[in-house]
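Peer 1: First the structure, which I've put down as structure tokens, then a few questions once you've had a look.
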């Protein structure tokens, strides 16, 4: 295992599969009431520069279930919020804690934190990547489809951190992914170039949501304006006209396809109420699986 969990491209297929397998094992233990206190006596700092519901709760509960202590730190209420250099905070946290999760803006901030940290660092989300969420999504796919091999994946919406991380997952794990994004809202060009070189022919980009979802086994979407982009909401609503995952669009996918959304959802914008509440939706299983995959990541990294 890599010493940190910053992005999927740092890992091999076998390593990601091992994390997915461990997460299933830990989930089964929890459901059966079997203790799995693999972080007994350990403390994990949970640093938040962005607001959170699922990330905070799932990590705090996960550390507790593993027998450790999760220490919530808001950057605004710490010296980080007053301009203390990342490297200084990383060095100090390493002396106090056994691991660090950070949810922030720039991917470069997480990477700098990891360079100066003596303990494992986990990326809870950046503007570029969201690896914990995609691993939870993959666990959900495995549970509902028996695996990810041979499936057709579709992304509809903004080429954001979720889209970037799905691209990495497709290239590493070897499944087909088609992304439908409006002009000017494509995924990161560097991520696309890396993935297409690693897995030629696996990843396609289109402007047409109908083309992306036709025959798909798995459909994923996200809000049109992520945190920090609220001022662009009206502009984005116009750009994303026709990109709502609604019943007519869903009808083009396979009848037994599954629909995912990392939440929070803006119902009536990127996804209709009928779809997120419909029989194809696995959104709530997906949200739960954040807990289980993050437990596997922490248990694998923090010794």
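The values are calculated or read from the model by the stated rules, or taken from the named source; none is laboratory data. Everything quoted here is computed from the prediction, not taken from an experiment. Please note: Cβ atoms are built from the backbone with ideal geometry, for glycine as well, and neighbour counts cover all protein chains shown.
Peer 1: Inspect the range 173-183 for any residue being over 20 Å from the mean Cα position of the chain (by Cα) and part of a loop (DSSP other than H, G, I, E, B) and give the result as yes or no.
Peer 2: Taking every residue of the range 173-183 in turn, at least one turns out to be over 20 Å from the mean Cα position of the chain (by Cα) and part of a loop (DSSP other than H, G, I, E, B).
Peer 1: With respect to residue 164, is the statement that it is under 16 Å from residue 135 (Cα atoms), under 18 Å from the mean Cα position of the chain (by Cα) and part of a strand (DSSP E or B) true?
Peer 2: No: the conditions fail for residue 164.
Peer 1: So which of 46, 26, 39 ends up being assigned to a loop (DSSP other than H, G, I, E, B), modelled with pLDDT of 95 or more and buried (at least 21 other Cβ atoms within 10 Å of the Cβ)?
Peer 2: Being assigned to a loop (DSSP other than H, G, I, E, B), modelled with pLDDT of 95 or more and buried (at least 21 other Cβ atoms within 10 Å of the Cβ) holds for just one of 46, 26, 39, which is 39.
Peer 1: Right, here's the next one. Condition test on residue 85, is it free of Cβ contacts under 8 Å to residues at least 40 places away in the same chain, surrounded by fewer than 18 Cβ atoms within 10 Å (Cβ to Cβ) and under 22 Å from residue 119 (Cβ atoms)?
Peer 2: So residue 85 passes the test.
Peer 1: Next question. Can you confirm whether residue 249 is assigned to a loop (DSSP other than H, G, I, E, B), surrounded by 15 or more Cβ atoms within 10 Å (Cβ to Cβ) and modelled with pLDDT of 95 or more?
Peer 2: When the stated conditions are applied, residue 249 does not pass them.
Peer 1: Moving to a separate point now. Among 59, 64, which is the only one that is at pLDDT 95 or above, in contact with a strand residue (DSSP E or B) (Cβ under 8 Å, 6 or more places away or on another chain) and surrounded by fewer than 18 Cβ atoms within 10 Å (Cβ to Cβ)?
Peer 2: From the options 59, 64, the qualifying one is 64.
Peer 1: Let me ask something else. Quick check on my filter: what residues within the range 206-224 are surrounded by 14 or more Cβ atoms within 10 Å (Cβ to Cβ), assigned to a loop (DSSP other than H, G, I, E, B), touching a residue at least 40 places away in the same chain (Cβ under 8 Å) and more than 15 Å from the chain's Cα centre (by Cα)?
Peer 2: 216, 217, 224 - these are the residues of the range 206-224 that are surrounded by 14 or more Cβ atoms within 10 Å (Cβ to Cβ), assigned to a loop (DSSP other than H, G, I, E, B), touching a residue at least 40 places away in the same chain (Cβ under 8 Å) and more than 15 Å from the chain's Cα centre (by Cα).
Peer 1: Still on this structure: Has the range 264-280 got at least one residue that is more than 15 Å from the chain's Cα centre (by Cα), under 15 Å from residue 153 (Cα atoms) and outside any helix (DSSP H, G or I)?
Peer 2: Yes, the range 264-280 has at least one match.
Peer 1: Residues being over 27 Å from residue 154 (Cβ atoms), in contact with a strand residue (DSSP E or B) (Cβ under 7 Å, 6 or more places away or on another chain) and assigned to a helix (DSSP H, G or I): count how many of those fall in the range 109-135.
Peer 2: Here the count works out to 3.
Peer 1: On to the next question. For residues that are crowded, with 24+ Cβ neighbours inside 10 Å and either out of contact with any strand residue (DSSP E or B) (no Cβ under 6 Å at 6 or more places or on another chain) or within 20 Å of residue 57 (Cα to Cα) (or both), tally how many sit in the range 142-158.
Peer 2: Residues flagged as crowded, with 24+ Cβ neighbours inside 10 Å and either out of contact with any strand residue (DSSP E or B) (no Cβ under 6 Å at 6 or more places or on another chain) or within 20 Å of residue 57 (Cα to Cα) (or both) within the range 142-158 amount to 1.
Peer 1: Report the residue count in the range 267-281 for those that are more than 18 Å from residue 226 (Cβ to Cβ) and in contact (Cβ under 8 Å) with a residue 24 or more places away in the chain.
Peer 2: The number of residues fulfilling the criteria is 5.
Peer 1: Taking the residues in the range 88-108 that are assigned to a helix (DSSP H, G or I) and out of contact with any helix residue (DSSP H, G or I) (no Cβ under 7 Å at 6 or more places or on another chain) as candidates, determine which candidate is surrounded by the fewest Cβ atoms within 10 Å (Cβ to Cβ).
Peer 2: Looking at residues that are assigned to a helix (DSSP H, G or I) and out of contact with any helix residue (DSSP H, G or I) (no Cβ under 7 Å at 6 or more places or on another chain), I get 95.
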